[in-house]
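Below you'll find the structure, written out as structure tokens, and then a few comments.
The values are calculated or read from the model by the stated rules, or taken from the named source; none is laboratory data. Because the structure is a prediction, the values reported are computed rather than measured. Here the Cβ positions follow ideal geometry from the backbone for every residue, glycine too, while neighbour counts run over all protein chains shown.
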């Protein structure tokens, strides 16, 4: 990777020094806090690839984000350049417990980092994922267990459907139910076909609905269509909605993108910004109409 210094500046971090658990955690936290999960390029009709160099360029130069193939691909390139032993894995996210065919379907790129031994992680393998939107804030030791990060509770265990693979279960309040990933190493070619479908198919959730998410230590900000939501911990434990509002004007919607998620879209011409807003409004109205239909 050519611009390690620029990437670190994008994350607001100095040179982290040689690979360490502390530095890995700092890099992961900074990435999910500063580089949002988003599908704006798909909504704008701008094709992308799963090439990590292209993803790095978009994140560093254009100050944008992406979804799992972009975010984890770029983060893996950064970690590799910093000397970490990082490995790509074919994963599969399920959006509901009853989704068909759970397993490593290829709709998600997962990462592991190897060779960083601690008492809680004696084999030195860490589950690393900056591309799960409202999920991980920090890496998890790749071992069975239940883990608490802020208001969210996660679980890791051996996958019941992927031989020798792993299963990540999200908090019940999360945007998806879980993710399985395979043990073997993967590369960009393993995700190209699925990325093409997710980017272009009318049936793709990324084509149907705009989604932006940004994780931090105490919760997550979510923009889905025109609805802006903030989830944080509740006084009774668990997760509560701290803020939920419908953004009804172009100016308030773009202000939320900039102020909450750091997405100013300075490189998008005014005409295309208005076209994006109109597309989001149409999708929102269709969603609202469907909710009003009696069961």
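Below is a table of values for the structure above.
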read-out	value
Complete set of residues in region 39-58 that are within 15 Å of residue 75 (Cβ to Cβ), under 17 Å from the mean Cα position of the chain (by Cα) and touching a residue at least 40 places away in the same chain (Cβ under 8 Å)	50, 51, 52, 56
Filter result (in a loop (DSSP other than H, G, I, E, B) and under 23 Å from the mean Cα position of the chain (by Cα)) within region 1-13	1, 3, 11, 12, 13
Residues being surrounded by 15 or more Cβ atoms within 10 Å (Cβ to Cβ), touching a helix residue (DSSP H, G or I) at 6+ places or on another chain (Cβ under 7 Å) and not in a strand (DSSP E or B) - total across region 189-234	12
Boolean, residue 167 is in a strand (DSSP E or B) and either modelled with pLDDT of 95 or more or loosely packed, with under 13 Cβ neighbours inside 10 Å (or both)	yes
Residue tally, condition closer than 14 Å to residue 229 by Cα, part of a helix (DSSP H, G or I) and touching a residue at least 40 places away in the same chain (Cβ under 8 Å), over region 239-282	3
Matching helices (runs of 4 or more DSSP H) fully within region 40-94 where at least 1 residues are over 28 Å from residue 115 (Cα atoms)	40-44, 52-61
Enumeration of residues in region 160-192 that are in contact (Cβ under 8 Å) with a residue 60 or more places away in the chain, more than 15 Å from the chain's Cα centre (by Cα) and closer than 25 Å to residue 54 by Cβ	181, 182, 184, 185, 186, 187, 188, 190, 191, 192
Qualifying residue in region 118-125 (condition: in contact (Cβ under 8 Å) with a residue 40 or more places away in the chain and surrounded by 21 or more Cβ atoms within 10 Å (Cβ to Cβ))	no
Checklist (1) surrounded by fewer than 21 Cβ atoms within 10 Å (Cβ to Cβ); (2) assigned to a strand (DSSP E or B); (3) under 18 Å from the mean Cα position of the chain (by Cα) applied to residue 157, failing item	(3)
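Condition check ((1) surrounded by 13 or more Cβ atoms within 10 Å (Cβ to Cβ); (2) within 27 Å of residue 170 (Cβ to Cβ); (3) at pLDDT below 95) across all residues:
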site: 236; (1), (2), (3): no, yes, yes
site: 247; (1), (2), (3): yes, yes, no
site: 252; (1), (2), (3): yes, no, no
site: 264; (1), (2), (3): yes, no, no
site: 267; (1), (2), (3): no, no, yes
site: 276; (1), (2), (3): yes, no, no
site: 279; (1), (2), (3): yes, no, no
site: 284; (1), (2), (3): yes, yes, yes
site: 287; (1), (2), (3): yes, yes, yes
